[in-house]
1. Out of all the residues in the range 4-38, which are assigned to a loop (DSSP other than H, G, I, E, B) and farther than 14 Å from Val168 by Cα?
2. Just name the residue that is nearest to Ala27 (Cα to Cα) out of those in the range 241-289 that are modelled with pLDDT under 70 and not in a helix (DSSP H, G or I).
3. Which one of the conditions (1) in contact with a helix residue (DSSP H, G or I) (Cβ under 6 Å, 6 or more places away or on another chain); (2) modelled with pLDDT of 90 or more does Gln95 fail to meet, given that it meets all the rest?
4. For the list (1) under 25 Å from Val75 (Cβ atoms); (2) within 16 Å of the chain's Cα centre (by Cα), I need the number of the one condition that Ala258 fails.
5. With respect to the numbered conditions (1) of a type outside the set (Phe, Trp, Tyr); (2) closer than 12 Å to Gly156 by Cβ; (3) free of Cβ contacts under 8 Å to residues at least 12 places away in the same chain, which one is the sole condition not fulfilled by Pro84?
6. Restricted to the range 131-142, and to residues that are surrounded by fewer than 16 Cβ atoms within 10 Å (Cβ to Cβ) and in a helix (DSSP H, G or I), which residue is modelled with the lowest pLDDT?
7. So which residues in the range 41-57 are part of a loop (DSSP other than H, G, I, E, B) and buried (at least 23 other Cβ atoms within 10 Å of the Cβ)?
Amino acid sequence: MFGIDLALTAGGLLTGLMVGLTGMGGAALVTPMLVLLFGVSPAAAVSSDLLATAIMKPVGSFVHIRAKTVHWHLVGWLSVGSIPGVLVGTWIFIQVLGTDEASETIRTWIGWVLVAAVAAMIAKVWVGRRASGIRATHHPAGTRMPVRPIPTVILGAVVGLLVGMTSVGSGSLVVTALLLLYPLLRPSILVGTDLTQAVPMLVVGAIAHAGFGEISIAVVASLLLGQIPGVWLGARMSSRYDGTALRWLLMVLLAATAVKLLGASTIIAGMIGLVGLIIVGAVYVRERIDATAQVTAEDASGRSVPSTATEVS
């Protein structure tokens, strides 16, 4: 009926699986995939992915709403910034559509936002450790944690602007910024708040893009046909796999993709990806070795205590 593209459905299944396994932003994976692998115009890729994401996000947020892991005051203040932000971003997007360089301009926007997203994902590792240390010495904050309105509204506005222009940023940028602003926020509430705050912004953005953008119903239908079961399957698998190594691999992929979108040759993008894989592989192996050594030391320490106690007695 909509001219389903099975290859695109397979791509949606794969990206949905990655999102379910790692929690990384879907748009950061899907929009570049549409442009680079499937030849969709950047304008249609942004508008179509925005609509598909607006349909999918409420499903994840509903789970957290039922579990009461949403900080509603944060959602409200973020929306105060993100809803006008996404409208302004969509307006800028529409103005560019009328120019001769529209495709190249939007492609460049996506590339730079991907760079920011990768930087935020890397920063999240350090920020997350810092937040864990702070929570270890304080009681983790629940849904009644006090909100800092001005920086929260600014964060919402910036993210809304980027989403309206590129469809990227609703998850990857928000989580890191929220951890910086609210380090006592419990992880479950952080995730629930992030998912829920994106819903009104994405719905408003999708409506705006449906009226003035370049949405392809065939692309949206093909994506959702693969993404919905992919996210569900990935979420089920995530209980048995923490996704750490996969997150780092996806960061490398996104970095290489960003460079390609910004005009680098395939060879240069490939070299960046290869160097990134080598670095990530070395870091991962080192972490595994350190973790194994720590477990071995703890086991040895645990065995030595009874032995000493027996000799003393």
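1. Going residue by residue through the range 4-38, those that are assigned to a loop (DSSP other than H, G, I, E, B) are 4-5, 23-25, 37-38.
Scanning the range 4-38 gives Ile4, Asp5, Gly23, Leu37, Phe38.
2. Gly243
3. Of (1) in contact with a helix residue (DSSP H, G or I) (Cβ under 6 Å, 6 or more places away or on another chain); (2) modelled with pLDDT of 90 or more, only one is false for Gln95: (1).
4. Just one mismatch for Ala258, condition (1).
5. The one condition Pro84 does not meet is (3).
6. Of all residues in the range 131-142, those surrounded by fewer than 16 Cβ atoms within 10 Å (Cβ to Cβ) come to 132-134, 136-139, 142.
When the remaining residues are screened for being in a helix (DSSP H, G or I), the result is 132-134, 136-137.
Numbers: Ser132: 73, Gly133: 75, Ile134: 74, Ala136: 67, Thr137: 74.
The selected residue is Ala136.
7. The initial filter retains those residues of the range 41-57 that are part of a loop (DSSP other than H, G, I, E, B), namely 41.
Selection gives nothing.
Rundown of residues vs (1) surrounded by fewer than 24 Cβ atoms within 10 Å (Cβ to Cβ); (2) at pLDDT 90 or above; (3) more than 20 Å from Trp232 (Cα to Cα), yes/no style:
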site	(1), (2), (3)
Met1	yes, no, yes
Ala10	yes, yes, no
Leu37	yes, no, yes
Val59	yes, no, no
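The values are calculated or read from the model by the stated rules, or taken from the named source; none is laboratory data. In this text the structure is predicted, and so the values were computed from the model without any measurement. For neighbour counting, all protein chains shown are included, and Cβ atoms are generated from backbone atoms with ideal geometry for every residue, glycine included.
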